[in-house]
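The values are calculated or read from the model by the stated rules, or taken from the named source; none is laboratory data. Predicted model, so just to flag it, every value in this text is computed and none were measured. For neighbour counting, all protein chains shown are included, and Cβ atoms are generated from backbone atoms with ideal geometry for every residue, glycine included.
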Amino acid sequence: MTSTHDPEPRPNPGPADPTPNDASAPSAPAGGEGAHLPRLQVKVQPRLRKAIVFGVIAGCLAVVSRFGNPDSREVTSRLMAWVGALAFLAFAMAAVVSLGGELRRVSVPRLGEGRAAIVRLAIVLAGGVFALITMMGLVNLPVGQLILGGALTGVILGIAGQQTLSNVFAGIVLLYARPFDIGDHVHIRSGPLGGELDGFVTEVGLLYVQVESDEGSFAVPNSLMQSAAVARAGSEAPDTA
């Protein structure tokens, strides 16, 4: 006698599960690090090619100027010396301005707009003075006359722009002493301001400090902020709701 048994039912195979090699399967970044990759790739790199090119051209022009003689009786020799020296000054200043602009652009994310502007100003001033003194040496001009003329010019400009210079120097002190930062809630008490000012600092520049209060936005001169009594109340953003 033979006994028949029904075959054991087999489960109906469903659609195949997606595997890591399946192109249609979404691939999620491991560890949730994918969202941070774009931020890590963003880097501010200095582009110094233009400044280097201008500097090399300025150096070559300085050598050309040395082949001439500014005190010679020959027109060609004098022309070579003066044209080479003036062209050197132009390209040297272009290199200094380009270098200052690039360093300012790179420094803004780390130092802020105000401190980066100070870095650019210092580089341009120092490089400009060096280029001018070098040009005067190429054509045998006495540097003492430049110093005397610069001193007289500085006195005249200082008298004419006393208030502006006061704000600039006060801004430099505020940027590096940092009695308050951008986003701080401050209470300002000063006689020239006509009493008290309560608000949030939104910008610290070379001339003014921007303070946002309930009455509006105020541009307070740096000289007044330096001489005023400033109290920090916090660093939370104002409620705009």
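Here are the numbers:
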| item | result |
| --- | --- |
| Evaluation of Thr153 against (1) in the same structural domain as Ile118 (by TED's automatic domain parsing); (2) at pLDDT 85 or above; (3) of a type in the set (Ser, Thr, Tyr) (one fails), failing number | (2) |
| Any hit, segment 124-135, residues being surrounded by 14 or more Cβ atoms within 10 Å (Cβ to Cβ) and not in a helix (DSSP H, G or I) | no |
| Complete set of residues in segment 216-235 that are of a type in the set (Gly, Ala, Ser) and either crowded, with 16+ Cβ neighbours inside 10 Å or not in a loop (DSSP other than H, G, I, E, B) (or both) | Gly216, Ser217, Ala219, Ser223, Ser227, Ala228, Ala229, Ala231, Ala233, Gly234 |
| Test: residue in segment 114-126 that is out of contact with any helix residue (DSSP H, G or I) (no Cβ under 9 Å at 6 or more places or on another chain), within 30 Å of Asp214 (Cβ to Cβ) and not hydrophobic (A, V, I, L, M, F, W, C) | no |
| Odd one out for Gly195, checked against (1) touching a helix residue (DSSP H, G or I) at 6+ places or on another chain (Cβ under 9 Å); (2) modelled with pLDDT under 80 | (1) |
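Each row is one residue, and each column tells you yes or no for (1) surrounded by fewer than 15 Cβ atoms within 10 Å (Cβ to Cβ); (2) of a type in the set (S, T, N, Q); (3) in a helix (DSSP H, G or I).
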residue: Val83; (1), (2), (3): yes, no, yes
residue: Val108; (1), (2), (3): no, no, yes
residue: Arg120; (1), (2), (3): no, no, yes
residue: Leu174; (1), (2), (3): no, no, yes
residue: Phe180; (1), (2), (3): no, no, no
